[in-house]
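I have placed the structure first, in the form of structure tokens, so that the comments after it can refer back to it.
Computed from the coordinates by the stated procedures, all read-outs in this text should not be read as laboratory data. Because the structure is a prediction, the values reported are computed rather than measured. Cβ placement follows ideal geometry from the backbone for every residue including glycine, while neighbour counts extend to all protein chains displayed.
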Amino acid sequence: MKQAVTSYATVLLTLPAASETVPDARNAFERCPQLMDALSNPTILETEKFGVIDRVFPEALRTFLKVVCRNGQIDSVLDIFSEFEALERRQRQCAHAVLEYVTPLTDAQLSAMKQMICAKTSKPEVQLELRQNPALLGGFVLHVGDETYDRSVCSSMKSMRKSLIRR
């Protein structure tokens, strides 16, 4: 399965407008689960599925999505898109990080965060994915590769609670 996903992502990487069209296609699949259901449903005719692809997706991705659909791999399309994005970042020597926060960061804070990530990863560029997470209560959690930097109020409170219990 992983090999097929990587193979499709590698092919996707060769398409001229993939970088511009994949985010919108991902968004369409994530916002409308019925789309995935329809395209993976074996009782729906292939011509009908292709008609949906032609109406919903940009021309640059249509043939690719039809091949994925014809080969019965459309259920893996979000994994294919994720692998494509990872391959594209690797090609651009771009780090990827996920920042969870409670209140939006200022431009200066985001810039400083990106500089710190670039320094830690030795990469000239960073793609920072922002996710609001009110459960943190304050502060932030930064995920860079396998490392997590937890500077949240929630984590601090848990640490204090543990140290008080040990006493």
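Please state the relative contact order of segment 93-166 as a whole percent: Cα pairs under 8 Å, 6+ residues apart?
On the way: 108 pairs, mean separation 27.7, N = 74.
Reported as a whole number, the value is 37 percent.
What length, rounded to one decimal in nm, is gained on full extension from Thr47 through to Ser159, with 0.36 nm per residue of separation minus their alpha-carbon distance?
Working: separation 112, 0.36 × 112 = 40.32 nm, distance 5.78 nm.
Full-extension gain reported as 34.5 nm.
Please arrange Ile53, Ile80 by how many other C-beta atoms lie within 10 Å of their C-beta, fewest to most. If you can, show how the numbers build up before the last one.
Details: Ile53 21, Ile80 25.
Exposure proxy ranking, most exposed first: Ile53, Ile80.
Please give the helix 153-166 orientation as an angle from the longest Cα principal axis of the chain, in degrees from 0 to 90, rounded to the nearest 10.
Once rounded, the angle reads 50 degrees.
For every other residue with a beta carbon closer than 13 angstrom to the beta carbon of Glu46, add +1 if it is Lys or Arg and -1 if Asp or Glu, then tell me the sum. Please report the intermediate quantities before stating the final value.
On the way: positive: Lys49, Lys66, Arg70; negative: Glu48, Asp54.
Result for the neighbourhood of Glu46: +1.
Using Cα pairs closer than 8 Å and at least 6 residues apart in sequence, work out the relative contact order for the chain, in percent.
After rounding, I find 20 percent.
Counting only pairs 8 or more residues apart or on different chains, how many lysine pairs in the chain have their Cα atoms under 29 Å apart? Walk me through the numbers on the way to the answer.
Values: Lys2/Lys49; Lys2/Lys66; Lys2/Lys120; Lys2/Lys123; Lys49/Lys66; Lys114/Lys123; Lys114/Lys158; Lys120/Lys158.
Pairs that pass both the separation and distance tests number 8.
Over its Cα atoms, what ratio of radius of gyration to 2.2 N^0.38 Å does segment 93-166 give? Intermediate results must be reported in sequence, preceding the final value.
Numbers: Rg = 13.7 Å, N = 74, 2.2 N^0.38 = 11.3 Å.
Compactness ratio reported: 1.22.
Report, for the chain, the % of DSSP beta bridges that are antiparallel, rounded to 5.
On the way: 11 of 19 bridges.
About 60 percent, rounded to the nearest 5.
Looking only at Cα atoms, what is the convex hull volume of the chain per residue, in Å³?
Hull volume over Cα atoms, normalised by residue count, gives 170 Å³.
With contacts defined as alpha carbon pairs under 8 Å and 6 or more residues apart, what's the relative contact order of segment 16-67 in percent? Mind showing how you got there, number by number?
Details: 20 pairs, mean separation 23.2, N = 52.
Relative contact order comes out at 45 percent.
From the helices alone, meaning DSSP H stretches of at least four residues, give me the mean residue ellipticity at 222 nm for the chain, per-run term -39500 (n - 2.57), in deg cm²/dmol to the nearest 500.
Estimated from H runs of four or more residues: -19500 deg cm²/dmol.
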